[in-house]
Amino acid sequence: MVLKIFFPQCCNRADSGLLVGQWIPGHNSAVVLAVIHYPFIPWQVKQYINEIQGQSHVELAVLGSWSMPKEGQEGMESFLRDLSTIFPQQHWLQLSRQIGEIGFRCQVLHRDQNGEEHMELTEEGDGEVFQTVAQGELLFSQDKYDDGPLKLTHWQSEGREASIIVELMKQASVPLCVLLTKLLVFWAWLCSLRLLNTRPVSFVSSKLSTCVQLSYRTEHLQMLSSTKRADTHAHFMRKANTFVSFLVDVALGMLLVSWLYRENRIGQLANALVPAADHVAEELEQLLQWLMGAPAGLKMNRALDQVLGRFFLYHIHLWISYIHLMSPFIEMILWYVGLFACLGLTFAISLLSDMVALLTFHIYCFYVYGARLYCMKVYGLSSLWRLFRGKKWNVLRQRVDSCCYDLDQLFIGTLLFTILLFLLPTTALYYLVFTLLRLVVVLFQGILHLSVEFINSFPLFAIGLKVARPYHLAAGVKFRVLCEEPGTPLHLMMEINPISCSTVVQTYRMPTYSCYPKDSWGALVKKLFLGELVYPWRHKGTKID
């Protein structure tokens, strides 16, 4: 008969004592969970095991003895062998190791006969071993450094200091969670006010990146302040990743605030904002003057060219007047807006995205005007082209049907088609220029949006766990021969096969709410060609995993 013993690697340096663990029925295997050090009193050991069994409902037992003799303990091995009469088991394991050796000496004593058998010895475990270790959580609460009648060594003994820090953080988080819960209740009451739920306010808030990020962080804080225990590994990892992401976000935001308010950088930014707006306006005026002439040698419709150019120049003058009117208050606005960075770096980036949207609102207006005018002409030309072919669009059936037109309809259609066709190049040029300007702004906002999503969704805790404790995120196990000598048991080292970083990111990446519609490149090009507006706004319920 061959027995398999799963022995924790950290226990091969433990002092002599008793092996505590569990037999795996049907597998002819034993799982060693801890070593109780000598000296001890047998009845205290039995009482301790009974208490653990009553609280955890796990069948624990004394499996045998572990001997690592030191000076003055020459008879320790025979003493531990005699304890098999006090802790009766079908198999009494005797594991011993000499200092400086890698291999173990293994013996099995049967209760009914004193025969010896060799066995296969492995370090660590698989399958049911992990389940057995997970059920022995109460056993790992006691350590060799605790003051008590029994001293234990187990797989968590080496991380005792970190465990103490974690427990202190748990205790300190209780009043913090209570305060956070009260603040969230107040915030929920504030958001439920009728004034904030009116259509204009709700519409504007749904389009602002700051409001979207605020609602997103509110959901995070509600999840973190919940007293419900994480029931699955995925739920626990999501809460841990959210907590670490929130802490890192706030820390980066505080660093940004300290940088902004040092050496009056807010004032420098406010002083540079108005000249920058004037410079952009001058460049736009020069661009419009170029379009009102003969751009790139193209012959445009002069009447329409002058009307569009003067219309857009008027909007630029209005925008510059508005900027100069607000210039005395810009520094104060930036000073208070900068305080929002205390909530996190993502809030600062979202505010920057909203400020870019406000400062480039005139470019957005130019794009909308040009797109609407161009779209009307494109759809008008397509409709008149169907008229020439004797076709028409059936609105009810959503298809193109045949139709007979009289002479007057064909004449008016030809006249309108000619007018729209000759006016199309001028309109298309203005639409092309302002669409390119709008795409530059959208590209910059998209980079800011991706930065916010990266911070929100990147699993920092999982990556840190992968670097510091890779065995917590395993993709399986692998075995290697540790010691193979004639006449001795086979020693196998079971090692955790760590999961790759890319798999960690894909598995534990947190879901986010995307502010941008997921259109394909073909659909985007089609919209731009037909003059349809491209809104980089959040659609309700677009949750991206």
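Some observations on this one:
- With protein chains left intact and a 1.4 Å probe, residues in the range 210-335 average 60 Å² of accessible area per residue.
- Residue-normalised accessible area of the range 370-454, given per residue in Å² at a 1.4 Å probe: 63 Å²
- Prolate/oblate/rounded label for the range 273-423 (Cα gyration tensor, a/c 1.5): oblate
- DSSP-loop GluC sites (Glu not before Pro) across the range 434-512, with at most 11 other Cβ within 10 angstrom: 484
- With the simple model of a label 7 Å out from the Cα in the direction of the Cβ, residue 313 to residue 401 spans 5.0 nm.
- The accessible-area ordering, largest first, of the residues 4, 377, 207, 228 stands as 228, 4, 207, 377, per a 1.4 angstrom probe.
- Gyration tensor (alpha-carbon) shape descriptor, the range 379-525, a/c threshold 1.5: prolate
- Farthest toward the positive end of the dipole of the range 357-477, out of 424, 472, 461, is the Cα of 472, where the dipole comes from beta carbon charges about the Cα centre.
The values are calculated or read from the model by the stated rules, or taken from the named source; none is laboratory data. Keep in mind it's a predicted model, so treat the numbers as computed, not measured. All Cβ positions, even for glycine, are placed from backbone atoms using ideal geometry, and neighbour counts span all protein chains on display. For accessibility, only protein heavy atoms count, side chains too; no ligands or nucleic acids. Shrake-Rupley method; radii C 1.70, N 1.55, O 1.52, S 1.80 Å.
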